[in-house]
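Each reported figure results from applying straightforward, stated rules to the coordinates on display, with no laboratory input. Just so it is clear, the structure is predicted and the values come from calculations on it, not from any experiment. Here the Cβ positions follow ideal geometry from the backbone for every residue, glycine too, while neighbour counts run over all protein chains shown.
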Amino acid sequence: MGEIKKYFFPTETHTAPLTNALPISHDLAGYGYGNDRSVHALNVYYMRYIMKKLFILILTMISLTFIGCSNKYKTTDNLQMLTKLERSKIVYISISKDGVYGSEIYRDSGKKVTNALQTVLTSNVSSIIVAAKVESQKEALQNAKTSGARYLFYPAIIHWEQRRAAWSGIPSRLGISITVFDLAKEDEDSMLMQKQLDVRGKIFTFKSQYVEELLPPTLQQFVSDIF
């Protein structure tokens, strides 16, 4: 019978850390990397890494929510008024043509602009005369003078876009231009100011936001700036 040879195999195994799973800092030695506490150290490091990324993600989501849940306003002065309007004067407000977006005509949107402007002007003037129909600028000037008004407010709808933001995430948009005339001055000097107001509605809403809902805060700020 031949001699039986015995072979011995090492029982100790070595497992290399998965250093490519996540970015590994050069400071891992401080966590015990490379010694018998390396597994615990890596778990701590990965947990801190994940918590940091999660914190950044939460902050980003909160910021986007605040941005999307508020209206955005933009004002452009095509002709800047140098002096404030006198209070307790008679004002004449014309009616704009209805807003159009694509093939959609928004009926009575011109009257909605005039009514909203009338509401915010009420506390600043003695009396308000509203045009009976849509007028050209020349017609509005003539009718305003005949009525005895001191100022003419001539609004015009530039953009009227109704969207269902609650479903699509696409906000409603409004753009109007308002020209103010001082009828006590000569015709060539009567234009006091011309301002364009652009508003983007809320992106994140629980219900759709109608364009006319953007009018009151927009016009309130406009009126407070000129009186």
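Here are the numbers:
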item: Cβ-derived FRET efficiency at R0 22 Å, Ser147 paired with Ser123, nearest 0.05; result: 0.60
item: Normalised contact order of the range 71-226, rounded percent, pairs of Cα under 8 Å and 6 or more residues apart; result: 30 percent
item: Farthest positive-ward along the range 71-226 dipole, Cα basis, beta-carbon charges - from Val134, Pro217, Ser96; result: Pro217
item: Entries in Lys145/Lys202; Lys72/Lys138; Lys145/Lys195 that, when Cα-Cα distance is taken, lie over 31 Å; result: Lys145/Lys202; Lys72/Lys138
item: FRET efficiency estimate (nearest 0.05) - Cβ-Cβ, His159 to Ile90, R0 41 angstrom; result: 0.85
item: Contour excess over end-to-end distance, with Cα ends at Ile170 and Ala132 and 0.36 nm allotted per residue; result: 10.2 nm
item: Tyr101/Arg48 FRET efficiency (R0 45 Å; Cβ-Cβ; nearest 0.05); result: 0.30
